[in-house]
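What follows is a set of notes on a single structure, which appears directly below.
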Amino acid sequence: MTSTPTEPTRARHVGLALLALALGGFAIGTTEFVTMGLLPDVAESIDRDIPTTGHIISAYALGVVVGAPLIVSLAARMPKRTLLLWLLAGLGLGNALTAVASGYVPVLLARFVAGLPHGAYFGVASLVAASLVPAGRRGRAVAMVMMGLSAATVAGVPASAWLGQALTWRAAYALVVVIAVVAAVLVLTFVPHLPGDPSATIRGELVALREPAVIAAFLTGVVGFGGIFAMYSYIAPIVTDVVDLPSSVIPVFLLVFGLGSVGGTLLAGRLADWDNVRQVIGGLGATVVVLLAFYELASFAPAALLCVFLVGALGSIVAIGLQIRLMAAAGDAQMLGAALNHASLNIANGLGAWLGGLVIAAGAGYAAPALVGVALAVAGLVAFLVGLRVAPVRTPVHA
């Protein structure tokens, strides 16, 4: 697992292999975010109010947090392509169960199942992508996998949400099943056989969780990325109550965020190959500045729109930077390191939304979560800098 990949282990069609891996990420991104747009439809179908139905979003996030370390640790010996196929099968199963489930508890459990493969898939796919390219391009290869997640916010989520509204919300999840099947076929066709680590043990994989550098990077994701979600979780009421625009403009802000995420992903890979540490520090520092600007200028629509674009871009830059950092910090458990990044981001999602909601409930207004985001981004930056001091990482990402 620590050896440098040789030419025979690389795919003959590297671009198509990376595209196959990205398509799996596209399916995951679509199922993760489409629920938010279809929540009223699901609530009506299962006869629950919207706040209660919102628990199905939390159930998915919990599945990610549980599944990421558990699956990767248990399956470290499995050939990586085989593991990817099983994870895509699990993704398809979770969404198929969602599409046919009736009642609150069955839908809740189905969303938990759908979330289980999320972090593990990106962990395995990132390591596979890094193994297919020369050392100087591994950051860009990992970013290509993550591009599927970013592209889903621009294309997959709107398309599946439209399908769910035009037919039934269940059709949106059925569409994810189809995408997962296509991704599995492409993975089987274009991703080469890559053996697992025969010496891997569950204890050996999980011991990476005790590494100070891994802990610091994980906490950076939980806290620092929570700053982005503190603001973005409330973008709809911000648009209508702070920017003072009609609700019909909300999709424009969502699209701009998605475009920023795609742009940030394109840039993040090159930044990672240049200097991963400066990438994370610069990304978090810029997030502080942009969120402060958003708080001050949110009532001015063009400025608010620009800030939302930049927040989307910086989110991708920081997320991919932390993924590379965790892969390096985890040593021989790099697959677990990459998977942990997605667990941290899902915890950040809940933490940021919760803290943002507290200040709104306290009467501070809908712009106030941006200031919560500033505090969280600063805390994440401090955690990262402390981690650099106590546990510097010099290990490159390997296959």
Give the residues of region 15-34 that are out of contact with any Leu (no Cβ under 8 Å at 6 or more places or on another chain), open to solvent by less than 20 Å² (accessible area, probe 1.4 Å) and under 16 Å from LEU255 (Cα atoms), sorted by residue number.
VAL34
Restrict the check to region 136-149 and report whether at least one residue is at pLDDT 90 or above, more than 30 Å from VAL308 (Cα to Cα) and not charged (D, E, K, R).
no
Residues of region 290-335 being farther than 15 Å from PRO369 by Cβ and aromatic (Phe, Trp, Tyr), which ones?
PHE300, PHE309
Which ones in region 301-327 are touching a residue at least 12 places away in the same chain (Cβ under 8 Å) and surrounded by fewer than 20 Cβ atoms within 10 Å (Cβ to Cβ)?
ALA301, LEU305
Taking region 78-104 and keeping residues within 18 Å of ALA129 (Cβ to Cβ), hydrophobic (A, V, I, L, M, F, W, C) and outside any helix (DSSP H, G or I) leaves MET78
Would you be able to tell me the number of residues in region 360-394 that are open to solvent by less than 40 Å² (accessible area, probe 1.4 Å), in a helix (DSSP H, G or I) and within 15 Å of GLY227 (Cβ to Cβ)?
11
Residue within region 265-282 that is of a type in the set (Ser, Thr, Tyr), closer than 28 Å to GLY356 by Cα and open to solvent by 20 Å² or more (accessible area, probe 1.4 Å) present
no
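Every residue, every condition in (1) under 24 Å from ILE56 (Cα atoms); (2) not small (Gly, Ala, Ser), yes or no:
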{"residue": "PRO117", "(1), (2)": "yes, yes"}
{"residue": "PRO134", "(1), (2)": "no, yes"}
{"residue": "ARG140", "(1), (2)": "no, yes"}
{"residue": "GLY148", "(1), (2)": "yes, no"}
{"residue": "THR153", "(1), (2)": "yes, yes"}
{"residue": "PRO158", "(1), (2)": "yes, yes"}
{"residue": "TYR173", "(1), (2)": "yes, yes"}
{"residue": "VAL178", "(1), (2)": "yes, yes"}
Could you tell me whether region 287-303 includes any residue that is in contact with a Phe, Trp or Tyr (Cβ under 7 Å, 6 or more places away or on another chain) and at pLDDT 90 or above?
no
Log entry, pairs with first residue in region 38-60 being within 20 Å of LEU167 (Cα to Cα) and open to solvent by 10 Å² or more (accessible area, probe 1.4 Å), second being modelled with pLDDT under 80 and outside any helix (DSSP H, G or I), beta carbons closer than 7 Å, six or more apart or on different chains, reads LEU39/GLY54
May I ask you to list the residues in region 240-254 that are more than 15 Å from TYR366 (Cα to Cα) and open to solvent by less than 50 Å² (accessible area, probe 1.4 Å)?
VAL249, PHE253
Among residues of region 336-347 being of a type in the set (A, V, I, L, M, F, W, C) and open to solvent by 10 Å² or more (accessible area, probe 1.4 Å), the residue modelled with the lowest pLDDT is LEU340
Matching residues in region 132-149 - criterion: being over 14 Å from the mean Cα position of the chain (by Cα) and crowded, with 24+ Cβ neighbours inside 10 Å
LEU132, ARG138, GLY139, ALA141
What is the residue count in region 111-131 for residues that are out of contact with any Phe, Trp or Tyr (no Cβ under 6 Å at 6 or more places or on another chain), crowded, with 23+ Cβ neighbours inside 10 Å and either over 30 Å from PRO192 (Cβ atoms) or without any contact (Cβ under 8 Å) to a residue 60 or more places away in the chain (or both)?
1
Just wondering, is there one or more residues in region 163-174 that are open to solvent by 70 Å² or more (accessible area, probe 1.4 Å), more than 18 Å from LEU84 (Cα to Cα) and either at pLDDT 90 or above or out of contact with any Cys (no Cβ under 8 Å at 6 or more places or on another chain) (or both)?
yes
Does ALA217 qualify as being open to solvent by less than 30 Å² (accessible area, probe 1.4 Å), over 19 Å from PRO369 (Cα atoms) and at pLDDT 85 or above?
yes
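The values are calculated or read from the model by the stated rules, or taken from the named source; none is laboratory data. All of these numbers come straight from a predicted model, not from anything done at the bench. Reconstructed Cβ throughout: ideal geometry from the backbone, glycine too, with neighbour counts over all protein chains shown. Accessible surface is based on the protein model in full, side chains and every heavy atom, while ligands, DNA and RNA are left aside. Shrake-Rupley method; radii C 1.70, N 1.55, O 1.52, S 1.80 Å.
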